[in-house]
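For reference, the structure is listed below as structure tokens.
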Amino acid sequence: MQIREQLEQVVNEALQSAIEDGSLTLETVPPAALERPRDESNGDWASTVALRLAKPAKKSPREIAQIVVDHLPETELLSKVDIAGPGFINFTLSPATFQNVARAIRVEKEAYGKSEAPEAQHKVNLEYVSANPTGPMHVGHGRWAALGDAMARVMRHAGYDVSEEFYINDHGTQMDIFGMSISVRYLQALGHDVEMPENCYGGGYVKDIAQTIIDADGDKWVDVSDEDRIVAFREIGYKQMLDNMKETLSTFGTTFDTWFSERSLYVPDENGETAVDRALAAMREKGYVFEKEGAVWFRSTAFEDEKDRVLIKANGEMTYFMSDVAYHYDKLQRGADHLIDIWGADHHGYVKRCEAMLAAWGRPGALEVVLGQLVNLFRDGEAVRMSKRTGEMVTFKELMDEVGVDATRFLMLSRSSDQPIDFDIEVAKKKDASNPVYYVQYAHARICSILRKAADPADAEAVKAGQMTMDELVAKIVPEDADLSVLTDPAEIALLRKMSDFGELVAQAARDRAPFRMTHYCQDLAALFHQFYTNCHVLVEDEKLQTARLYLADAARINLAQALGLLGVSAPVHM
């Protein structure tokens, strides 16, 4: 149970007791109304319940506050309770309460801070990245990959049942244009005078694909009809780009439970029915499909959309929206209760119609769209738009190759998704405190160094050589039943207080789809550890104090690695 929950229980007991003995005339026990004081000198937690009860209890807030304080049960949770201002009840936690945080982390390890979300029984489908397989992934895709992956990790820690999905946009005109682009580059490379149409893909990677075809097949495709060549090259290019995306994302540490092909929506089942047919029938059954001017429409204005939307054009061609309708209906049919889509901010105008389609099936609110802003690349403060190597856009893979996976992830997650990211490549490569991910990882490595110094030199060398884990080393030098009562220094308490916030922070970050808060937590925890290390010597002559501080350092190590892990960032043992 989190400290906040324990304190809520204490306040609730006091309120219940006051109601039972007639001190407060209330029909039900109100919420404890806990919040963090802005000024830490006012305690660790404050309750505004007395201010909220003034009217129903027909007493002044300060009188109510005194009644609550007088009815508080005996508890080791608190060291001091004060009434302040118009009726705030300020609670100061006991050192033992914070000392137990270190013990909980050491015992629970990776499970520390886990909780069960209110929606734990719901199956969440989280779809992100979903790039077209017509070119390499750009830096923006890297941000969605970091955001979606971290969001899934944080939500799972908070008790959500999350399935991650990549929607492959492999159906429609853009795929044919891609095939045509490769065909033109293929013919040009073989000396044929063919011009590239304006709407084609002109990136250098298209020439690379064409060259791989020449290397494999020579000129055998020259005399094939344009249509057959385009179809064949479309499939070759599609496979190469999809493989490239999967390899890039795998290197980044992002994995998906499902890679869903848009094409599959148009493949008939054993009854000759497609997913598009089923989705359209379900919407028609609800009465929200009509025909006008030979086209098939969705009456999305019934759900506050600005206008109705075409599903099938008069010429029989399916719209992009029809694919989205079928895809989201298919997600529901596969058992998802709640759908989260991560889109670029340029898709904001598309949200209302997609929310409307879920409402049409009787599932209002089942779709949640997270919009993400762009990534602005810099190098030493100067804007970067082109790759030094190719003269074209900087790809996600090039960025990752230059600055590393950890720095890319951490910096991509350093701000809320609704804010642009200014990503300075040179800052990301620095090995000093100006680089936030280095600063955090260095704190973890420093803790490991302290623990190694306290251990037998042979064991320390075994850890360095990878023959022993840090957990195994710590088990030899720090007993589980260590006496932590000596951990009372303000720097020790500050570090413990921060770690006590972890579970609640994870729950809030999951609820708000805000994994960026974990980057702030990591930086704060690292700073507090460095402060503790400066103010409190760990390796001291007093054996009891040294053991307790090693215990605290190890708890910080575990929690810091855990927080980094929720971001998909590694926690190095040495740097």
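For the range 542-575, how many residues are in contact (Cβ under 8 Å) with a residue 60 or more places away in the chain, among the charged types (D, E, K, R) and either under 15 Å from K498 (Cβ atoms) or open to solvent by 10 Å² or more (accessible area, probe 1.4 Å) (or both)?
3
Any idea which residue in the range 531-541 is farthest from G568 (Cα to Cα), counting only those that are surrounded by fewer than 17 Cβ atoms within 10 Å (Cβ to Cβ) and touching a helix residue (DSSP H, G or I) at 6+ places or on another chain (Cβ under 9 Å)?
For the range 531-541, the residue satisfying everything is V540.
Considering every residue within the range 326-338, establish whether at least one is under 22 Å from R284 (Cβ atoms), in contact with a Phe, Trp or Tyr (Cβ under 9 Å, 6 or more places away or on another chain) and aromatic (F, W, Y).
Yes.
Residue by residue through the range 340-370, note down the ones that are assigned to a helix (DSSP H, G or I), open to solvent by less than 30 Å² (accessible area, probe 1.4 Å) and over 15 Å from S300 (Cβ atoms).
Residue satisfying the conditions is A345 alone.
Looking only at the range 205-224, how many residues end up being open to solvent by less than 50 Å² (accessible area, probe 1.4 Å) and farther than 21 Å from T173 by Cα?
6
Can you tell me how many residues within the range 104-155 are open to solvent by 50 Å² or more (accessible area, probe 1.4 Å), of a type outside the set (D, E) and part of a helix (DSSP H, G or I)?
Of the residues in that region, 3 qualify.
Which condition from (1) more than 30 Å from F303 (Cα to Cα); (2) outside any helix (DSSP H, G or I); (3) of a type in the set (A, V, I, L, M, F, W, C) is the one that I447 breaks?
Going through (1) more than 30 Å from F303 (Cα to Cα); (2) outside any helix (DSSP H, G or I); (3) of a type in the set (A, V, I, L, M, F, W, C) one by one, I447 breaks only (2).
Hey, among R334, R263, R284, which residue is among the basic types (K, R) and either in contact with an Asp or Glu (Cβ under 6 Å, 6 or more places away or on another chain) or within 26 Å of L374 (Cα to Cα) (or both)?
Selected residue: R263, the only one of R334, R263, R284 that is among the basic types (K, R) and either in contact with an Asp or Glu (Cβ under 6 Å, 6 or more places away or on another chain) or within 26 Å of L374 (Cα to Cα) (or both).
Every residue, every condition in (1) hydroxyl-bearing (S, T, Y); (2) in a helix (DSSP H, G or I); (3) out of contact with any strand residue (DSSP E or B) (no Cβ under 7 Å at 6 or more places or on another chain), yes or no:
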{"site": "R513", "(1), (2), (3)": "no, no, no"}
{"site": "R517", "(1), (2), (3)": "no, yes, yes"}
{"site": "H520", "(1), (2), (3)": "no, yes, yes"}
{"site": "F532", "(1), (2), (3)": "no, yes, yes"}
{"site": "Q546", "(1), (2), (3)": "no, yes, yes"}
{"site": "D554", "(1), (2), (3)": "no, yes, yes"}
{"site": "R557", "(1), (2), (3)": "no, yes, yes"}
{"site": "A563", "(1), (2), (3)": "no, yes, yes"}
{"site": "G568", "(1), (2), (3)": "no, no, yes"}
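The values are calculated or read from the model by the stated rules, or taken from the named source; none is laboratory data. Keep in mind that what you see is a predicted model, and the values were worked out from it rather than measured. Ideal geometry is used to build each Cβ from the backbone, glycine not excepted, and the neighbour counts take in all protein chains shown. Accessible surface areas use protein heavy atoms only, side chains included; no ligands, DNA or RNA. Shrake-Rupley method; radii C 1.70, N 1.55, O 1.52, S 1.80 Å.
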